[in-house]
Amino acid sequence: MELEAAYSLHANAQKAEKMAAYMKNNFPFLGIMKTDRAALTKEMLKVCRTASPEITQAGITILWQKPEREYHYFAIEWARSAKAHKWNNAYDLIVLLTVQNQWWDSVDTVAAHLTGPWAKLYPEKALIEREKWLTSPNMWWRRTAIIYQLNHKKETDTLFLEKAIEQLHYEKEFFIRKAIGWALRQYARTDADWVMEICNKYPLSGLSRREALKHLGN
């Protein structure tokens with residue numbers, strides 16, 4: 001594969017070790033710096049854009065099975081470039097990218113840039129699935145329930161966002177508390193008063209509250 005050949009030329013074992021350590025050694029890395037990876041991704045996507053949805057999905061799935069994290073990053077960018085959230089079977093891909101190789105760097109990107117747009121296009125399906133995310137034993141699905149609307153702005157379903165906060169604000173898990181603050185901070189750009197009301201209504205953790213009010217002068 002051309003991607004493998006290109007990546008091998010930019011691999012760096014010393015940098016790979018540091019990158020893996022930063023990600024708590026959840027994944028091995030090739031050691032490709034972010035700027036180099038961005039340039040390679042841009043070039044490779046020029047070729048990948050001509051692929052059919054079937055070939056694209058197969059390619060993404062193959063890359064997702066590789067151990068090195070750089071391949072996972074490219075798979076997500078390929079899915080975004082191909083507007084995979086519009087596919088009829090988009091949710092199957094979203095599940096794959098959310099459930100396997102889980103960590104914040106992939107889950108967050110999938111939630112905001114694939115799951116969120118998918119939910120807008122398939123609202124009836126999303127209404128059903130997001131209830132499952134909210135009560136899932138898998139913490140990353142619960143995080144997704146909180147942050148999938150990050151880019152929805154005025155179209156944010158605040159009733160569901162509040163429901164997610166009400167049900168999950170008591171959790172001690174760092175990634176849940178951080179997600180609550182992040183979602184509120186983002187929505188404060190659209191409706192700061194609503195965010196203030198939520199912060200006053202629920203006994204949020206210090207982390208969630210600090211994140212939520214970060215740009216509101218509190």
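Every condition in (1) of a type outside the set (D, E); (2) modelled with pLDDT of 95 or more; (3) not in a helix (DSSP H, G or I) holds for I60 except the one numbered (3). If the condition is being surrounded by 18 or more Cβ atoms within 10 Å (Cβ to Cβ), closer than 27 Å to N25 by Cα and of a type in the set (V, I, T), then region 40-82 contributes T41, I60, I76.
Filtered by the rule that a residue be under 20 Å from A126 (Cβ atoms) and β-branched (V, I, T), region 53-102 gives I76, I94, V95, T98, V99.
Within the bounds of region 122-140, is there any residue that is touching a His at 6+ places or on another chain (Cβ under 6 Å), over 19 Å from S208 (Cα atoms) and assigned to a helix (DSSP H, G or I)?
no
Restricted to region 22-31, and to residues that are surrounded by 18 or more Cβ atoms within 10 Å (Cβ to Cβ) and under 21 Å from Q100 (Cβ atoms), which residue is nearest to the chain's Cα centre (by Cα)? Taking the candidates together, the pick is F27. Is it the case that some residue within region 67-85 is more than 25 Å from E129 (Cβ to Cβ), hydrophobic (A, V, I, L, M, F, W, C), in a helix (DSSP H, G or I) and in contact with a Pro (Cβ under 7 Å, 6 or more places away or on another chain)? Within region 67-85 (the criterion being more than 25 Å from E129 (Cβ to Cβ), hydrophobic (A, V, I, L, M, F, W, C), in a helix (DSSP H, G or I) and in contact with a Pro (Cβ under 7 Å, 6 or more places away or on another chain)), the answer is no, since none of the residues qualifies.
When region 3-21 is filtered for residues that are surrounded by 11 or more Cβ atoms within 10 Å (Cβ to Cβ) and either over 21 Å from the mean Cα position of the chain (by Cα) or farther than 15 Å from H72 by Cα (or both), the ones remaining, listed by number, are L3, E4, A6, Y7, H10, A11, N12, K15, A16, E17, K18.
Conditions tested, residue by residue: (1) over 23 Å from A111 (Cα atoms); (2) in contact (Cβ under 8 Å) with a residue 40 or more places away in the chain.
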site	(1), (2)
E17	yes, no
F29	no, yes
R37	no, no
P53	no, no
P67	no, yes
N88	no, no
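Of everything in region 173-215, what is touching a helix residue (DSSP H, G or I) at 6+ places or on another chain (Cβ under 7 Å), in a helix (DSSP H, G or I) and surrounded by fewer than 16 Cβ atoms within 10 Å (Cβ to Cβ)? Give them in sequence order. Answer for region 173-215, where residues must be touching a helix residue (DSSP H, G or I) at 6+ places or on another chain (Cβ under 7 Å), in a helix (DSSP H, G or I) and surrounded by fewer than 16 Cβ atoms within 10 Å (Cβ to Cβ): L207, R210.
Of the residues in region 118-133, none is touching a residue at least 24 places away in the same chain (Cβ under 8 Å), in contact with a Pro (Cβ under 9 Å, 6 or more places away or on another chain), surrounded by 15 or more Cβ atoms within 10 Å (Cβ to Cβ) and not charged (D, E, K, R). Residues that are over 25 Å from S81 (Cβ atoms) and among the hydrophobic types (A, V, I, L, M, F, W, C) within region 97-132 comprise L127, I128, listed in sequence order.
The values are calculated or read from the model by the stated rules, or taken from the named source; none is laboratory data. Keep in mind it's a predicted model, so treat the numbers as computed, not measured. Here Cβ is always computed from backbone atoms with ideal geometry, including for glycine, and neighbour counts include all displayed protein chains.
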